[in-house]
Each structure stands twice: as C-alpha cells, then as structure tokens.
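A quick write-up on the structure given underneath.
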Amino acid sequence: MNTLSTSTTAADAPQSAVAKGNWVPIRTLGPRHSERVRAHLLALDEQARLLRFGHVASDEQIGLYVDQMDFGRDELYGVFDRRLRLVAMAHLAFENEGLEAEFGVSVLPRTRGKGLGTRLFEHAVMHARNRGVGLMVIYVARENVAMLAIVRRAGAQISFDGAQAVAKLQLPADTLGTQIGALLDGRAAEFDYQVKLQVLRLDDLWPAWTGKRHGPSSFRSTS
C-alpha cells in the first residue's frame with residue numbers, strides 16, 4: 001500500500017488513490033452513522049484507546065465524545081469491511097473559523113498493518129486543503145510510533161510534552177487536482193459501499209430461498 005516517502009510533503013501527496021490504482025474505499029460519515037461510530041470506538045481495546053485519545057478512555061467518555069460530535073461542522077471518514085463494519089475512522093475537527101483542523105484516527109486492532117491510518121491521513125489532508133485549512137494539528141501519544149512516522153513523513157513539525165506529542169502540519173492551498181481527487185474518491189467509495197450493502201441484503205434473502213436461517217447483520221439496513 002502506498003505511503004508518503006521520506007522526502008514527500010503534504011503538497012506532493014497522492015491527490016486520488018483511485019487514479020493511482022492503490023485504493024482504499026473511504027466514505028464520508030454523517031449523523032446517520034453515529035451508532036456505527038460508537039460501536040467502532042467501543043470495540044477498541046485499551047491500547048487502541050490510548051493511541052486514539054492519549055489515555056484509556058472509558059466507555060462513558062467515548063459515549064460522550066460521540067454524542068458531542070458536530071457532523072455539520074466537522075468531517076468524519078470511515079473504512080468499512082465487506083460486512084459493513086466500521087474498521088477504521090478519522091475525525092477532522094475544524095477550528096479558528098475553519099483555518100485550522102485537528103485530526104484524529106482509530107483503527108481496529110485486527111485491521112492494523114494495512115495502511116489504513118496512512119490512507120485516512122492522506123484523505124483528510126486532501127479534504128482539509130479543499131476547505132481552505134492552512135494548519136493541521138495532530139495530538140499523538142508518544143508511543144504511537146506508526147502515527148508519528150506518518151506525520152513526520154508528511155513534513156509536520158513535532159514537539160513532545162511528556163507522554164504526548166503535538167504535530168503541526170502546514171498545508172498548501174487546494175488545487176484542481178485535489179478537488180477532482182476528492183470527487184473521484186467520494187464517488188468510488190459510495191459505489192463500493194452500495195455494492196457491499198446489496199450483497200448483504202441478498203445474503204439476508206438467501207436463507208428464505210434455501211430454508212436456512214441466520215441472524216441479521218448489525219446496521220445492515222442503514223445506508
């Protein structure tokens with residue numbers, strides 16, 4: 001899977017993974033996905049919660065975090081597996097009248113090592129540029145070596161304060177390439193999602209045709 005090279009900056013990052021043929025379907029999440037987001041975050045183990053929040057967030061803290069999400073102001077992106085389980089997600093929170101954005105990402109332990117964090121980061125950088133963001137801030141646990149490597153390769157300035165690192169990445173202006181890249185990625189991800197949804201719906205109908213029964217998949221009816 002493609003990653004930013006050592007000499008690559010955010011300005012040189014791939015503008016569309018679809019065009020590069022190195023693609024992960026990343027879908028924009030909305031309010032209707034809040035329960036999927038909650039289920040994803042609650043499924044994180046203690047280590048994953050530490051890496052995502054900088055501390056081992058409790059179930060109650062995660063619930064409050066999801067309840068306070070502003071889907072109208074911020075942007076959230078998700079990667080779904082073939083059974084439409086949210087296995088990775090990113091939160092891009094806009095601040096300072098939209099001139100700055102804070103980035104956070106989480107990946108389920110069973111899907112680590114597949115480059116999903118890198119792709120979500122690249123995706124968020126592209127969308128932040130398209131919204132006119134000039135500075136992206138990423139708070140990273142010092143032991144989150146993978147995320148530190150991603151932001152360092154992107155050219156971020158990193159400072160350390162105890163157990164936490166703060167990465168600041170200056171973003172260039174958007175281009176026609178980033179605008180088209182976001183459009184292509186969005187359409188392709190939506191198509192991928194709808195195909196998976198139809199496959200699961202057919203899977204639900206199959207027992208009726210064969211006389212077999214199985215339990216319904218979680219969130220299957222939600223688009």
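So the values come out like this:
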read-out: Those residues of the range 132-165 which are in a strand (DSSP E or B), over 18 Å from residue 100 (Cα atoms) and in contact with a Gly (Cβ under 7 Å, 6 or more places away or on another chain), in sequence order; value: 141, 164
read-out: Output for the range 1-40, where each listed residue is in contact with a helix residue (DSSP H, G or I) (Cβ under 9 Å, 6 or more places away or on another chain), in a helix (DSSP H, G or I) and modelled with pLDDT of 90 or more; value: 34, 35, 37, 38
read-out: Test: residue in the range 146-165 that is of a type outside the set (A, V, I, L, M), buried (at least 19 other Cβ atoms within 10 Å of the Cβ) and within 23 Å of residue 29 (Cβ to Cβ); value: no
read-out: Residue 142, sole failed condition from (1) within 22 Å of residue 56 (Cβ to Cβ); (2) touching a residue at least 40 places away in the same chain (Cβ under 8 Å); (3) among the basic types (Lys, Arg); value: (2)
read-out: Unmet requirement for residue 191, which otherwise passes all of (1) more than 27 Å from residue 48 (Cα to Cα); (2) modelled with pLDDT of 95 or more; (3) part of a helix (DSSP H, G or I); value: (2)
read-out: Filter pass, residue 201 being over 24 Å from residue 66 (Cβ atoms) and at pLDDT below 90; value: yes
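The values are calculated or read from the model by the stated rules, or taken from the named source; none is laboratory data. Nothing here was measured: the structure is a model prediction, and the numbers come from that model. Here the Cβ is made from the backbone with ideal geometry for all residues, glycine too, and neighbour counts use every protein chain on show.
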